[in-house]
Structure formats: structure tokens, C-alpha cells
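Quick notes on the structure that follows.
The values are calculated or read from the model by the stated rules, or taken from the named source; none is laboratory data. This is a predicted model, so every value here is computed, not measured. Note that we place each Cβ from the backbone using ideal geometry, even for glycine, and neighbour counts take in every protein chain shown. What goes into the accessible areas is simple: the full protein's heavy atoms, side chains included, and nothing from ligands, DNA or RNA. Shrake-Rupley method; radii C 1.70, N 1.55, O 1.52, S 1.80 Å.
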Amino acid sequence: MSHTIKTLFSDFGVNPSVHELDEIPRGREIEAALISRGCSPAVPAVFIGGELVGGANEVMSLHLKRSLIPMLRKAGALWV
């Protein structure tokens with residue numbers, strides 16, 4: 001699902017910061033922290049404007065409700 005979210009953002013012209021937890025030293029700690037904050041599964045965990053949005057289901061739900069693009073614009077991640 002992470003690939004799907006990265007592709008969605010890329011299609012919008014958003015250049016997200018991506019942190020691959022399996023490739024960084026403290027990835028397991030970060031994953032545990034995300035799970036403790038209610039992310040299940042822990043990845044992808046999407047933050048927009050510094051706020052945790054949730055996982056792939058939440059992002060896709062926002063997109064279907066036409067709320068995702070305004071949220072990205074407000075965060076300064078999308079200019080169009």
C-alpha cells in the first residue's frame with residue numbers, strides 16, 4: 001500500500017518525504033510508536049502538515065471525499 005500512496009501523491013505533483021522504516025536504524029522503534037498511536041498496520045503512516053492522517057485507507061477515503069487535495073494545498077505540499 002505504501003507504493004499506492006506514493007504513486008497517488010506523485011500523480012498530484014506532491015513530492016513527499018518518505019522514510020522507509022526497514023532501511024533506517026531506528027525503524028523498529030518508529031514502527032512501534034506508530035502502532036501505539038493507532039496505526040494498524042503501521043505503514044504507510046501518512047502525515048500531512050505535521051499531523052498524522054493515518055494509513056492508506058484513511059488517505060484513500062479523504063481522496064474519495066475530495067478532502068485530500070485541499071488538505072495538501074493547506075499544508076503547502078500542492079500549489080495547483
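Select, from Leu52, Leu78, the only residue that is touching a helix residue (DSSP H, G or I) at 6+ places or on another chain (Cβ under 9 Å), exposed (fewer than 15 other Cβ atoms within 10 Å of the Cβ), of a type in the set (A, V, I, L, M) and not in a helix (DSSP H, G or I).
Details: Leu78 fails: exposed (fewer than 15 other Cβ atoms within 10 Å of the Cβ).
It is Leu52.
Every listed requirement among (1) open to solvent by less than 100 Å² (accessible area, probe 1.4 Å); (2) not in a loop (DSSP other than H, G, I, E, B) is met by Arg73 save one, (1). For the structure I just gave you, tell me whether Ile30 is touching a Leu at 6+ places or on another chain (Cβ under 6 Å), open to solvent by 50 Å² or more (accessible area, probe 1.4 Å), not in a loop (DSSP other than H, G, I, E, B) and not charged (D, E, K, R). Taking the combined requirement at face value, the residue satisfies it.
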